[in-house]
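Here's the structure, in structure tokens; my notes come after.
The values are calculated or read from the model by the stated rules, or taken from the named source; none is laboratory data. What you are looking at is a predicted structure, and each value in this text was computed from that prediction instead of being measured. Using ideal geometry, Cβ is built from the backbone for each residue, glycine included, and neighbour counts are taken over all protein chains shown.
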Amino acid sequence: MSEGSDEGHLLLEQYLRNLSIELGRSKNTIESYRRDLTSYLEYLNTERSIGVSAVTENDIRSYLQALRSGPVPLAASSTARAISSIRGFHKFLLDEGASKTDPASDLKPPKQPSLLPKAISISQMATVLETTQGDDWVSLRDKALLELMYATGARVSEAAALNVDDIFDGTGSGIADVVRLFGKGGKQRLVPLGRFAREALDSYLVRVRPALAVKGKAGPALFLGERGSRLSRQSIWLIIQARFAQSNIGVHASPHTFRHSFATHMLEGGADIKVVQELLGHSSISTTQIYTLVTADTLREVYLTSHPRSHRRQVDSQSD
């Protein structure tokens with residue numbers, strides 16, 4: 001295996017971890033991406049003799065042509081999936097600085113049905129958060145972590161990167177009521193903290209973190225593990241998996257479930273979509289608008305029970 005191939009497979013593993021931890025993709029999806037991209041990297045190494053950072057759009061198109069004209073040509077749906085895999089991989093390489101360009105940006109796979117974000121209900125979220133009730137250090141730490149993620153819609157990478165000084169008094173009230181998050185590209189945003197998150201963080205910072213910090217070299221890290229080191233994205237993912245399993249609500253969840261639920265519940269509660277966009281750190285409002293599809297059923301119910309000319313209101317009036 002060449003040096004370029006070694007580098008490509010290392011980057012592939014980093015990308016697959018990102019899909020699993022950051023985006024909560026299922027094991028089956030991860031394995032599909034692994035198969036598609038392993039085949040792609042092998043083609044680059046054997047047929048083009050180039051590393052993944054040197055790929056051009058022509059190289060990708062040659063690979064796709066090889067898939068379509070091989071001894072067992074791929075079906076259209078499989079080709080579309082391969083294109084999606086390659087596009088996602090190269091976008092990841094550009095975002096991580098492993099490549100200076102994105103040669104797959106102009107590839108247009110066939111349109112696929114939109115996958116709506118998966119949020120849980122407010123009562124389900126309350127059940128998950130109730131699993132952290134306890135006076136032991138793990139419960140206090142986990143409560144602070146999960147309450148913050150639900151209160152702010154933070155990405156798992158943003159929560160893992162938080163330092164103690166990122167929680168501060170932003171209103172002059174004398175209470176630490178704002179969190180500073182650093183999103184994609186280092187873009188900074190300030191998000192308010194509600195009472196539950198503030199109280200959970202205060203208990204953790206006073207009663208738990210000092211004892212953990214002396215065990216290791218935590219530095220300014222906010223959330224710490226048992227040995228006093230900063231919690232990793234993988235550690236946060238495992239904490240969330242464990243708490244959802246403990247809650248018995250029957251939902252497979254990821255850190256992104258908190259972000260999706262935050263956005264959905266804000267919009268259902270009447271928040272302006274532009275405000276939600278700012279809180280989530282979306283550069284484009286079109287990204288935020290997908291959450292309006294999730295709340296469509298709620299909007300429809302409100303319309304049917306509120307508008308004087310809706311069918312349901314008319315039926316109710318006649319029955320009265």
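Checked against (1) over 23 Å from H282 (Cα atoms); (2) exposed (fewer than 14 other Cβ atoms within 10 Å of the Cβ); (3) free of Cβ contacts under 8 Å to residues at least 40 places away in the same chain, R198 meets all criteria but (2).
Per the conditions (1) at negative phi; (2) in a loop (DSSP other than H, G, I, E, B); (3) within 26 Å of the chain's Cα centre (by Cα), the sole criterion not satisfied by G97 is (1). The condition of being over 28 Å from the mean Cα position of the chain (by Cα), over 18 Å from H9 (Cα atoms) and not in a loop (DSSP other than H, G, I, E, B) holds for only one of A80, A66, that being A66.
Beta carbons closer than 7 Å, at least 6 apart along the sequence or on distinct chains, pair a first residue in region 238-267 that is surrounded by 21 or more Cβ atoms within 10 Å (Cβ to Cβ) with a second that is among the basic types (K, R) for T257/K118; R259/R155; H260/K118.
Listed by first and then second residue, the pairs linking a residue in region 210-237 that is within 14 Å of S157 (Cβ to Cβ) and touching a residue at least 60 places away in the same chain (Cβ under 8 Å) to a residue that is outside any strand (DSSP E or B) and of a type in the set (S, T, Y), with Cβ atoms under 6 Å apart and 6 or more places separating them unless they lie on different chains, are R233/S157.
Here region 269-301 is the region considered, the condition is being surrounded by 11 or more Cβ atoms within 10 Å (Cβ to Cβ) and more than 23 Å from the chain's Cα centre (by Cα), and the residue that is modelled with the lowest pLDDT is T298. Only residues that are farther than 13 Å from L148 by Cα and touching a Lys or Arg at 6+ places or on another chain (Cβ under 8 Å) were counted across region 213-232, and they come to 10.
The sole residue among D36, D59 that is under 29 Å from Q241 (Cβ atoms), assigned to a helix (DSSP H, G or I) and of a type outside the set (F, W, Y) is D36. Scanning region 226-275 for residues that are part of a loop (DSSP other than H, G, I, E, B) and of a type in the set (D, E), we see that the one that is nearest to S121 (Cα to Cα) is D272. Quick check on this structure: which one of V179, V164 is surrounded by 15 or more Cβ atoms within 10 Å (Cβ to Cβ), in contact with a Ser or Thr (Cβ under 9 Å, 6 or more places away or on another chain) and touching a residue at least 24 places away in the same chain (Cβ under 8 Å)? Being surrounded by 15 or more Cβ atoms within 10 Å (Cβ to Cβ), in contact with a Ser or Thr (Cβ under 9 Å, 6 or more places away or on another chain) and touching a residue at least 24 places away in the same chain (Cβ under 8 Å) holds for just one of V179, V164, which is V179. Among the numbered conditions (1) surrounded by 14 or more Cβ atoms within 10 Å (Cβ to Cβ); (2) under 19 Å from the mean Cα position of the chain (by Cα); (3) at pLDDT 90 or above; (4) in a helix (DSSP H, G or I), tell me where L41 comes up short. It is condition (2) that L41 fails.
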